[in-house]
Amino acid sequence: MIGDQPEGTMTWRRDAASLPGFEDCGHIEIAYNIPRGIQTEKHPNPGQPYNGTARTAYLPDNKEGNKVLQLLKKAFDQRLIFTVGTFITTGIENQVTWSDISHKTFILGGPACFGYPDLNYIEQVKRELKAKGVE
């Protein structure tokens with residue numbers, strides 16, 4: 001499956017600090033950068049500009065976290081992580097938004113705040129990736 005994600009970059013780094021619920025390891029910080037651009041025929045408003053985004057996400061730096069990192073990289077390369085659309089919370093159109101693959105964008109706060117601890121997250125994101133054909 002190939003998505004409609006605009007061009008951008010995905011980089012990551014390792015940090016020794018642990019995440020809540022994963023105190024036995026450090027964490028991986030993923031940085032996504034999608035610059036602004038012009039929508040293609042795959043997007044809602046071809047020829048119109050869209051606003052880019054810079055997002056950060058976190059994974060535990062353990063065996064399962066590293067597996068998910070590789071799956072996310074594969075999904076990114078297949079243009080499945082982001083799309084162009086409307087921010088649901090604000091109604092602002094022509095924005096780069098997450099697709100439907102969950103990310104933890106905060107270290108703290110639990111599932112309600114897109115953070116840790118969330119012991120179900122790793123299995124959840126693997127299911128979401130598998131549904132997109134990323135295994």
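Readers should treat all values here as calculations from the given coordinates under stated rules, not as data from a laboratory. Computed from a prediction, not measured in an experiment: that's the story for all the values here. Heads up, the Cβs are rebuilt from the backbone with ideal geometry, glycines too, and the neighbour counts pull from every protein chain shown.
Structure values in brief
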{"item": "Loop sites in segment 26-86: GluC sites (Glu not before Pro), DSSP, at most 12 other Cβ within 10 Å", "result": "41"}
{"item": "For the chain, calculated [θ]222 nm from helices alone, where every DSSP H run of n ≥ 4 adds -39500 (n - 2.57)", "result": "-6000 deg cm²/dmol"}
{"item": "Computed E for residue 98/residue 24 - FRET, C-beta separation, R0 22 angstrom, nearest 0.05", "result": "0.15"}
{"item": "Pairwise FRET efficiency - residue 88 versus residue 119, Cβ, R0 = 25 Å, nearest 0.05", "result": "0.40"}
{"item": "Of 86, 56, 97, the one that fluctuates the most in a GNM where the chain has Cα springs shorter than 10 Å", "result": "86"}
{"item": "Relative contact order of the chain, defined on C-alpha pairs under 8 angstrom at six or more residues apart (%)", "result": "24"}
{"item": "Euclidean distance of C-alpha centroids, segment 100-135 and segment 1-73, integer Å", "result": "12"}
{"item": "Of 69, 19, 108, the one that fluctuates the most in a GNM where the chain has Cα springs shorter than 10 Å", "result": "108"}
{"item": "GNM top mover of 38, 122, 107 - the chain, alpha-carbon springs below 10 Å", "result": "38"}
